[in-house]
Structures are given as C-alpha cells and as structure tokens.
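I have placed the structure first, in the form of structure tokens, so that the comments after it can refer back to it.
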Amino acid sequence: MLSSVQNPRILLLHCRWSKPLHHHHHHHRHYPKAIHAAAQAQAVSTSSPTSQIQIIQKSIHSREKTARQFAEEFINRLRLTEPHVKSFLHVSETVLNEADEIDRKIDRNEDVGPLAGVLVAVKDNICTADMPSTAGSKILENYRPPFDATAVRKLKESGAIIVGKTNLDEFGMGSTTEGSAYQVTANPWNLECVPGGSSGGSAAAVSARQCVVSLGSDTGGSVRQPASFCGVVGLKPTYGRVSRFGLVAYASSLDVIGCFGSSVADAGILLQSVCGHDKLDATSSKREVIDFTSQFVAKDYLESQPLKGLRVGVIRETLGDGVDQEVVLSIRGAISHMEELGCIVTEVSLPSFSLGLPAYYVLASSESSSNLSRYDGIRYGNQIVSDELSSLYGGSRANGLGPEVKRRILMGTYALSAGYYDAYYKRAQQVRTVVQKSFKAALDEHDILISPAAPSAAYKIGEKKNDPLAMYAGDIMTVNVNLAGLPALVLPCGFVQNGLPVGVQMIGAAFDEEKLLRVGHIFEQTLQGCSFIPPLIADEFKF
C-alpha cells in the first residue's frame, strides 16, 4: 500500500469543497442571459454518470421521446454555446432530417442500429464524404474527401447522426487547439482557458453537451489530455484496434482514433461501434472484438468492494517534480478511492519514463515530415499561382502550413538526414523498445497502471503558445502509452482549487480495453460528491 495515501476520504472532500467556475463570474459578462444564469449555478450532484446513449436508445424505442426531440435539444444547446466555445469548424445541416428518418424507421419497426439518434461529432482530421475535412489547416481549406473514414462509415451503419466536424491543432500537432488555422476553441469550464489538444474541439463539444459523444485522434495524448482538461472521459484504444483508414496521417506508427463521452459507458459503446479489422488498413488488428458493454454493471448490483484483488500500479515518476501539487492531490484521492473499492495499490517505477518524451518528438516529427510531403499543391492541397515548379511547391506549403507544422517537418527532416539518422531516429526507436519492455514488465505484475493525464489542469489561452518546449513538456504523461501501443482511459476524478477538472489516466495491457472500461465504470459509479457538467450548461442540461 502507498505510504503517502492515508486518508480514504480525501477525494470526497476535494470534490465537495471545489466550486467550479465560482472564481470566474467576470468571464461570463458577455454571455446570453440563458448561459449567464447557468454559469451562476453550482454543479453539485451525488448521482452517478449515466449513459446518454442508453437513455436515448431506451427513450426512442419505447416512443417516450423521438430522435428529433433529442436532436433539437442538442442543436439548440450547440447554437447557444458555440459562439463562445467554438468547438466546431463545420455543423451539418441535415441533423434534423436524419433524426426524422430514424423516427420513421422506428414507426415501421425497422432496425435502426445501436447508435440511432445519437449525435456524434468527428474531429476534422477524420474524413467525411459529405462535409469538409481540413485537418485544421489552410492547405486543405474547403477540401471534401470522396469517401468516409472507416470509423465514420461504421458510425453511420450503426445509425449515428454526424453532427459536425470539430476544431483541432493543425494536422493534430499541438496541445491547446490554438494551432488551428481557423479559430481557438475555449474550455467550457472557463472560457479563458484552453481545452487541451489536439482534439480540443471534440473534448469541448462533449463537455458542453453539444453532442452525445465524439471521435478524436491520439498520437501522443491528443484524446487523453483534452479529456482531463474538459472533465470528460477519453479512451485511447490499443494501436490497431480501430482502423486508421481515412484518418489524415501525422505519425502513422503512433496515430489512433479515440473516443470521448460524458461517461465511461458512452466511450465504451462508441468504441464498440468503430473498432474491428479493416482490410483497407494493413495495421488494423484481426483480433476478435468482445462485447465491451458487458463490462458495465449497474451501481445497485455492485458488491461492497467490487474491485477486490485488482492490482494497481502507481507510476512513481508521474507524481514527482514538475507536476502541479493540486493535480497530485486529486490523483492521490483517486488512488484512495480505488483502495476503498478493494484494489491492491503499490508504487511501480518506470525509469525509462522520462526518455519517452524526446523519443516521441523525434519519431513523430520524422514520420510527419514524410507524411506531410504530399501537401505540395500538386498531389494534395491548395495551390498558389506560379510559373516555376519549385516556387509552386514552396509557395503552396509556405502559405498553407502553419508555424508548428513547419517546425515539426523541419525537425523530422533533420532527424532523418544523412549523418543524423543514427544519432536521432535510430536511437529514438531503441528508446521506444525500452519503453515497451518496461511497460510490459510492469503490466505483467499489475492489472492496470495509474498516472495523471497531464501535469496540470487547463491553463490560460496564450500562456504557452509562444513556448513550444513548455507545450511539448505537457505531453510527458501520455506519449509513452503511444510508444508502447497500449490502451488508456482518462476519466475525471476531482478539481483543482480554481474549479477546473483533473483526470486520472488508467493504462492497460494491449487489447485489454474491456478491463479498463470495467474498472473505469465502477470508479465513476462509486465516486460521490462530484459533478462534471460545466456550470456553463449545468442548469440548462436536463436529461
């Protein structure tokens, strides 16, 4: 047992004294009255997070409520909050028509699929045939792919309604969503703070209840860190669990499509719909997909210690120097809660943990310099007018790509160049192997590993925009999981003193998503005294 974890009530106390956004009344002076009223309400509830997907399914099948009524509620909330949050780059105009069609199918007793009537937002680096797919870059402005990504196709086959495309750091390169070529997304908990990145739009959209669930992508933490900042659940699957076909490539050996939800059940149901082998992606796994929803046991049926005997390893290196003490307090509280649930908690040391960050940036930048060479104004991307081929290439890329993308392309090209390949790229690959082995050894001894999802809660917009190294350092909690190709689940576990949420990261063995979902679901169902609905919409959100 951890010697530093003595008080099993610390998490409850930490949740109860937190008053989300009460320190920020002046931030809301420009809101419409409806939002302002909601912002004044303290979000306190002792009820467990419920699955919005399951509520929608039950309601529309029993005809208690129509798919159109649910769609109208979300669209109205989106219109009210979007001018302030700015989660979306494109909103579909066919949402209500698609909801009407679902209602007609139900009236005819036709099969409508497990996600019928569920509004899903999709990160704008995941291709959609009927909407723009810009990857947050000017070089792909107005680009409409001729096909859907496999994950999007599966969503549509499950009956989901794609509500729109969400904002992101350009090509997924960033940790704040300030790197978008189009707009800066705000954190629904405090509009002066970043939502995280690069999937900040997808996280903010779920947090503000503008949609039910959303898809993001995670190359080095781009689902998990925004989930922590925005107080939602973020699930990064095992590499190969979800097809990457139709995902705009950043670093192909690291990229995965991930899921956001307001509950663990919603994230798991969404993963169930999009995962599985795809012949269009040579890296997608042929491993059979089990029914993740079987892991979700209702709170009333849980034993007094439902996780008795579960071996939990707390990564020592993630709670030391450089981590905000209020974040450490929240994670310690989460650990105490897991001990109450019957877990056997011990500290585990991963000495190679700090090596993951530089290795990740060498590998990701190297792969991006190769992947992004296609955006030259000839094969892909908007083209400038020029008489010379070399200036056409150079001008199109100079005008179309942002500063962070150029920085990473240059770093990657340098790392792959003659004379430096062995010193940087090859050594980074060797470090990757060390990281994989250390995780495997730790997970042979433990069922799951625990760490913070980020070293701090959300920070102010603009605070780190001009300091790339400080921004890169914020990824230290998440990049190792991508290097090892492992699944990880982030779910909210508390607040820092200014009312911003904190997420705990649970890491599992490869293809062990079901265990993470089971543990995460029990954790959130038994977590008392916290509500993770932002005050921005808490009073208005009645479900």
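Figure legend. Inter-residue proximity from the range 446-465: first residues more than 20 Å from F495 (Cα to Cα), second residues among the basic types (K, R) and assigned to a strand (DSSP E or B), beta-carbon distance below 9 Å, spacing 6+ or different chains. Indicated pairs: H446/R311; D447/R311; I448/R311.
Considering (1) β-branched (V, I, T); (2) open to solvent by less than 20 Å² (accessible area, probe 1.4 Å); (3) within 11 Å of K165 (Cβ to Cβ), the lone condition that V91 does not fulfil carries the number (2). Cβ-Cβ distances below 8 Å connect the following pairs, each with a first residue in the range 76-98 that is touching a residue at least 40 places away in the same chain (Cβ under 8 Å) and under 20 Å from L215 (Cβ atoms), a second residue that is open to solvent by 50 Å² or more (accessible area, probe 1.4 Å) and of a type in the set (D, E, K, R), and a separation of six or more residues or different chains: R77/E540; S92/D130. Picking from residues in the range 331-355 that are among the polar types (S, T, N, Q) and part of a helix (DSSP H, G or I), the one that is modelled with the lowest pLDDT is S354. D444 fulfils the conditions (1) open to solvent by 10 Å² or more (accessible area, probe 1.4 Å); (2) outside any helix (DSSP H, G or I) except for a single criterion, (2). Please find, within the range 479-498, the residue that is surrounded by the fewest Cβ atoms within 10 Å (Cβ to Cβ) out of those that are part of a loop (DSSP other than H, G, I, E, B) and among the hydrophobic types (A, V, I, L, M, F, W, C). The residue in question is V496. Taken together, V184, V163 contain a single residue that is open to solvent by less than 10 Å² (accessible area, probe 1.4 Å) and of a type in the set (A, V, I, L, M), which is V163. Which residue pairs have Cβ atoms under 6 Å apart, sit 6 or more places apart or on different chains, and have a first residue in the range 356-378 that is part of a helix (DSSP H, G or I) and a second that is open to solvent by 10 Å² or more (accessible area, probe 1.4 Å) and of a type in the set (D, E, K, R)? Matching pairs, first to second residue: A359/R432.
Would you check which residues across the range 210-255 are of a type in the set (S, T, Y), touching a strand residue (DSSP E or B) at 6+ places or on another chain (Cβ under 9 Å) and part of a loop (DSSP other than H, G, I, E, B) and list them?
Initial filter on the range 210-255 (of a type in the set (S, T, Y)): 214, 217, 219, 222, 228, 238-239, 243, 250, 252-253.
This time we only want the ones that are touching a strand residue (DSSP E or B) at 6+ places or on another chain (Cβ under 9 Å), so: 214, 217, 219, 222, 228, 238-239, 243, 250.
Correct list: T219, S222, T238, Y239, S243, Y250.
Screening I507, I476 for residues that are surrounded by fewer than 24 Cβ atoms within 10 Å (Cβ to Cβ) and under 27 Å from T346 (Cβ atoms) leaves exactly one candidate, I476. Considered as a group, the residues in the range 308-330 that are out of contact with any Ser or Thr (no Cβ under 9 Å at 6 or more places or on another chain) and part of a loop (DSSP other than H, G, I, E, B) include one that is least open to solvent (accessible area, probe 1.4 Å), and that residue is L310.
Here S336 clears all of (1) under 26 Å from the mean Cα position of the chain (by Cα); (2) open to solvent by 10 Å² or more (accessible area, probe 1.4 Å); (3) of a type in the set (S, T, Y) except the condition numbered (2). Scanning the range 447-470 for residues that are at pLDDT 95 or above and either open to solvent by 60 Å² or more (accessible area, probe 1.4 Å) or not in a loop (DSSP other than H, G, I, E, B) (or both) returns I448, L449, I450, S451, P452, K460, I461.
Here's the yes/no breakdown for (1) in contact with a His (Cβ under 9 Å, 6 or more places away or on another chain); (2) closer than 16 Å to G216 by Cα; (3) outside any loop (DSSP other than H, G, I, E, B); (4) free of Cβ contacts under 8 Å to residues at least 60 places away in the same chain:
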position: V122; (1), (2), (3), (4): no, yes, yes, no
position: A129; (1), (2), (3), (4): no, no, no, yes
position: T134; (1), (2), (3), (4): yes, yes, no, yes
position: D148; (1), (2), (3), (4): no, yes, no, no
position: L155; (1), (2), (3), (4): no, yes, yes, no
position: S175; (1), (2), (3), (4): no, yes, no, no
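Against the definition (of a type in the set (G, A, S) and part of a loop (DSSP other than H, G, I, E, B)), how does A267 come out, yes or no?
Numbers: of a type in the set (G, A, S): yes; part of a loop (DSSP other than H, G, I, E, B): no.
When the stated conditions are applied, A267 does not pass them.
Candidates S273, S294, S284: the one that is surrounded by 13 or more Cβ atoms within 10 Å (Cβ to Cβ), in a helix (DSSP H, G or I) and among the small types (G, A, S) is S273. With respect to (1) touching a helix residue (DSSP H, G or I) at 6+ places or on another chain (Cβ under 6 Å); (2) basic (K, R); (3) open to solvent by less than 10 Å² (accessible area, probe 1.4 Å), the lone exception for R224 is condition (1).
Here is a list: E110, E93, E101. Which entry is in a helix (DSSP H, G or I) and at negative phi? Steps first, please.
Details: E110 fails: in a helix (DSSP H, G or I); E93 fails: in a helix (DSSP H, G or I).
Going through E110, E93, E101 in turn, just one is in a helix (DSSP H, G or I) and at negative phi: E101.
The set of residues in the range 64-88 that are crowded, with 17+ Cβ neighbours inside 10 Å and either farther than 21 Å from P534 by Cβ or of a type in the set (G, A, S) (or both) comprises T66, A67, R68, A71, S87.
What do you reckon, is T185 among the hydroxyl-bearing types (S, T, Y), modelled with pLDDT of 95 or more, assigned to a loop (DSSP other than H, G, I, E, B) and closer than 25 Å to S243 by Cα? No; evaluated as a whole, the condition is false for this residue. Screening the candidates S304, S294, S284 for the property of being of a type in the set (S, T, Y) and modelled with pLDDT of 95 or more yields one hit, S284. Considering only residues in the range 136-146 that are open to solvent by 10 Å² or more (accessible area, probe 1.4 Å) and in a loop (DSSP other than H, G, I, E, B), the one that is farthest from V405 (Cα to Cα) turns out to be P146.
The values are calculated or read from the model by the stated rules, or taken from the named source; none is laboratory data. Note that the structure is a prediction, hence the values are computed from the model and not measured. Virtual Cβ from ideal backbone geometry, glycine too; neighbours counted across all protein chains shown. The area values use the complete protein model at the heavy-atom level, side chains included, leaving out ligands, DNA and RNA. Shrake-Rupley method; radii C 1.70, N 1.55, O 1.52, S 1.80 Å.
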